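Following: one structure in structure tokens, then a few remarks.
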Amino acid sequence: MKKLMLSILALVSVAAMAQTKYSHYYTNLPCAVEEVQEVVIPDYTVTLTDFGAVGDGVTDCSEAFEAALKHLKKQGGGHLIVPNGTWLTGPIKLISNFDLHLEDQATILFSNNKELYVQKSDTLRDGSKKCHACVYGSKLENVAITGYGTLDGQGIYWRPVKQKKVSEEQWEELLAMGGKVLPDGNSKNWKIWYPFGLKKEYNVPNIASDAIIQEKMRPHLVNITDSKNVLVEHVHLLNSPKFHLVPTRIRNLIIDGVNIRCPHWAQNGDAMDPGNVQVALIVNCNISCGDDGICMKGGVGQKGVDAGPQRDFLICNDTVYHAHGGFVIGSEFSGGMQRLVVKDCRFEGTEIGCRFKSAPGRGGWCEDIYCYDIIMKDIVEAAFLIQSGYADKGAGVSATDKDNKETFFPDWSNITFRNITCVGSKQAVDIQGLKGKPVHNILFDQVTVIGNKNGIKMEWAEDIKFVNCMINPKPMPITEYKKIKNVLYNGKDPDAAE
């Protein structure tokens with residue numbers, strides 16, 4: 001008995017030690033999700049001005065950042081305080097055991113000198129070269145970006161702009177900057193403006209031989225890869241040249257209280273795109289962006305499989321305003337999606353609410369995907385979209401055009417939507433499977449969609465259940481019945497439910 005009591009006490013002690021400031025988010029979840037652990041940075045602090053930086057928005061502080069990071073690396077890590085002011089710099093390469101801390105009124109303004117970002121690598125087949133992200137790092141451990149300050153990527157000098165997405169006045173302002181105007185391949189009546197060959201007063205050099213190649217070289221704002229224990233907390237991420245926050249192949253990721261903003265017309269202006277990440281918490285974030293909001297990525301083809309699944313994610317208390325999708329999976333997820341829980345979120349004004357998109361050549365598998373306790377409002381298109389034939393329509397060549405379409409089919413299954421209310425949408429539910437590869441085993445439980453123009457549309461789907469749902473005006477178009485089977489709407493077949 002004494003040994004038993006000692007064992008119990010030991011277990012209780014271990015459990016108490018395992019508790020972190022994030023543990024309360026993990027109570028009463030629908031499946032077991034591995035908890036994140038706190039990121040610990042050495043207790044040593046320096047300030048950017050110690051290394052000669054001037055925060056006037058004009059003086060180049062690149063050397064000061066490099067000197068500060070070199071000093072902290074010698075010390076074994078620590079905190080770099082970026083004081084209030086505007087600090088102009090080229091790309092920042094992170095180190096392990098390091099916290100980049102921005103004070104409330106501090107802005108790191110990334111230079112529009114594109115030459116600073118080009119990597120010293122061989123030219124790729126399409127004529128482009130890779131560019132470093134504005135903030136980047138690889139094979140790191142214990143790294144953080146914190147504080148209430150701002151990272152501004154000055155994306156206007158990098159991004160193409162589709163004419164159909166902006167007002168006439170905005171279009172004229174772009175033309176006044178110079179640049180290159182080419183036809184929009186996806187629309188006969190519109191054009192695309194590229195920031196290539198801008199007027200001399202902008203002092204923005206070209207880094208490629210033409211506008212299309214340069215467009216492919218756009219960097220992300222923050223890109224951390226192949227690392228362990230990453231924290232991004234409270235910062236404001238603005239105007240990325242491409243995606244804003246791209247953590248890839250990370251073990252133990254925390255994104256807490258981050259604000260992300262860019263214009264609604266920003267091409268590929270995704271807010272956050274974690275890819276092949278294991279164990280993550282995304283909480284208290286506020287987003288309005290030009291593409292997907294909170295987007296789960298899992299790699300393309302065998303490379304995605306080798307990187308492992310995107311697993312053990314808890315996403316809660318997040319708000320997404322303008323975005324192509326509030327919560328998104330895809331389009332690439334060949335590594336698979338496992339134990340993703342999305343709860344207590346609000347999507348308002350997004351084009352799609354819950355957007356699951358992929359295509360042959362980049363699809364994967366799903367296990368234990370739960371979206372619940374979500375409020376949606378004024379959704380432009382569908383509240384729920386599951387799509388297996390997605391085609392990327394970027395400014396340049398579509399990524400999906402290059403994929404091997406004979407393998408890696410999307411397997412959308414084992415997904416639960418529960419206790420979700422949507423007020424206002426064009427379409428309630430839109431499910432688009434593939435012939436021979438249907439979307440299957442999807443549960444809608446206590447889902448209410450009102451103020452919608454159309455109800456439920458399905459192609460190539462089976463084992464879809466609606467329990468205690470209220471969706472107006474009608475459950476399903478009659479023309480789609482022959483392509484689906486085993487669909488129950490509140491215990492009835494679609495004919496009876498109509």
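The values are calculated or read from the model by the stated rules, or taken from the named source; none is laboratory data. Since we're looking at a predicted model, the values are computed, not measured. Cβ placement follows ideal geometry from the backbone for every residue including glycine, while neighbour counts extend to all protein chains displayed.
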How many residues of segment 72-82 are surrounded by fewer than 17 Cβ atoms within 10 Å (Cβ to Cβ) and in a loop (DSSP other than H, G, I, E, B)? The answer is 2
Original post:
Is it fair to say His220 is under 27 Å from Ile108 (Cβ atoms) and touching a helix residue (DSSP H, G or I) at 6+ places or on another chain (Cβ under 9 Å)?
Top reply: no
Contact list, first residue from segment 297-318 and in the same structural domain as Phe409 (by TED's automatic domain parsing), second anywhere and in a loop (DSSP other than H, G, I, E, B) and among the aromatic types (Phe, Trp, Tyr), beta-carbon distance below 7 Å, six or more apart or interchain, is Gly301/Phe408
Given (1) assigned to a strand (DSSP E or B); (2) over 24 Å from the mean Cα position of the chain (by Cα), His101 misses just (2)
Counting only residues in segment 350-373 that are out of contact with any Ser or Thr (no Cβ under 8 Å at 6 or more places or on another chain) and surrounded by fewer than 24 Cβ atoms within 10 Å (Cβ to Cβ), the one nearest to Val283 (Cα to Cα) is identified as Asp373
For segment 385-400, indicate whether the set of residues that are under 30 Å from His234 (Cβ atoms), at pLDDT 95 or above and in the same structural domain as Asp430 (by TED's automatic domain parsing) is non-empty.
no
Per the list (1) more than 26 Å from Ile213 (Cβ to Cβ); (2) in contact with a Leu (Cβ under 9 Å, 6 or more places away or on another chain), residue check on Lys139 breaks on (2)
Contact list, first residue from segment 448-472 and farther than 18 Å from Ile375 by Cβ, second anywhere and assigned to a loop (DSSP other than H, G, I, E, B) and among the small types (Gly, Ala, Ser), beta-carbon distance below 7 Å, six or more apart or interchain, is Glu459/Gly433; Trp460/Gly433; Ala461/Gly433
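Per-residue answers, yes or no, for (1) crowded, with 20+ Cβ neighbours inside 10 Å; (2) under 21 Å from Arg261 (Cα atoms):
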residue	(1), (2)
Lys70	no, no
Ile92	yes, yes
Phe110	yes, yes
Tyr117	yes, no
Gly127	no, no
Filtering segment 456-470 down to residues that are surrounded by fewer than 21 Cβ atoms within 10 Å (Cβ to Cβ) and of a type outside the set (Asp, Glu) yields Lys457, Trp460, Lys465, Val467, Asn468, Met470
In segment 359-390, residues that are touching a helix residue (DSSP H, G or I) at 6+ places or on another chain (Cβ under 9 Å) and within 14 Å of Gln432 (Cα to Cα) total 3
| Would you call Phe347 assigned by TED's automatic domain parsing to the domain that holds Arg418, in contact with a helix residue (DSSP H, G or I) (Cβ under 8 Å, 6 or more places away or on another chain), surrounded by 22 or more Cβ atoms within 10 Å (Cβ to Cβ) and not hydroxyl-bearing (Ser, Thr, Tyr)? | no
Selection over segment 431-462 where residues are at pLDDT 95 or above and among the acidic types (Asp, Glu) yields a count of 1
Going through segment 256-274 in order, the residues found to be out of contact with any helix residue (DSSP H, G or I) (no Cβ under 8 Å at 6 or more places or on another chain) and either outside any loop (DSSP other than H, G, I, E, B) or among the aromatic types (Phe, Trp, Tyr) (or both) are Asp256, Asn259, Ile260, Arg261, Met272
* Asked: Can you find a residue in segment 322-342 that is surrounded by fewer than 22 Cβ atoms within 10 Å (Cβ to Cβ), at pLDDT below 95 and not β-branched (Val, Ile, Thr)?
  -> no
Exactly one of Asn259, Asn276, Asn284, Asn268 is in the same structural domain as Val380 (by TED's automatic domain parsing), touching a residue at least 40 places away in the same chain (Cβ under 8 Å) and either more than 19 Å from Gly336 (Cα to Cα) or within 11 Å of the chain's Cα centre (by Cα) (or both), and that residue is Asn268
(Q) So for segment 217-227 (the condition being surrounded by 22 or more Cβ atoms within 10 Å (Cβ to Cβ), over 26 Å from Asp126 (Cβ atoms) and not β-branched (Val, Ile, Thr)), does at least one residue qualify? (A) yes
Residues in segment 65-82: is at least one farther than 22 Å from Pro42 by Cβ and at pLDDT 95 or above?
-> no
Any chance segment 162-175 includes a residue that's surrounded by fewer than 20 Cβ atoms within 10 Å (Cβ to Cβ), among the β-branched types (Val, Ile, Thr) and in a strand (DSSP E or B)? no
Within segment 48-77, residues small (Gly, Ala, Ser) and under 28 Å from the mean Cα position of the chain (by Cα) come out as Ser62
Scanning segment 275-312 for residues that are assigned to a loop (DSSP other than H, G, I, E, B) and small (Gly, Ala, Ser), the one farthest from Ser240 (Cα to Cα) turns out to be Gly308
Subject >> Hey, Glu103 among the charged types (D, E, K, R), touching a Gly at 6+ places or on another chain (Cβ under 6 Å) and either within 23 Å of Leu253 (Cβ to Cβ) or surrounded by 13 or more Cβ atoms within 10 Å (Cβ to Cβ) (or both) or not >> reply: yes
Residues of segment 417-433 being of a type outside the set (Lys, Arg) and surrounded by fewer than 18 Cβ atoms within 10 Å (Cβ to Cβ), in sequence order, are Asn419, Thr421, Val423, Gly424
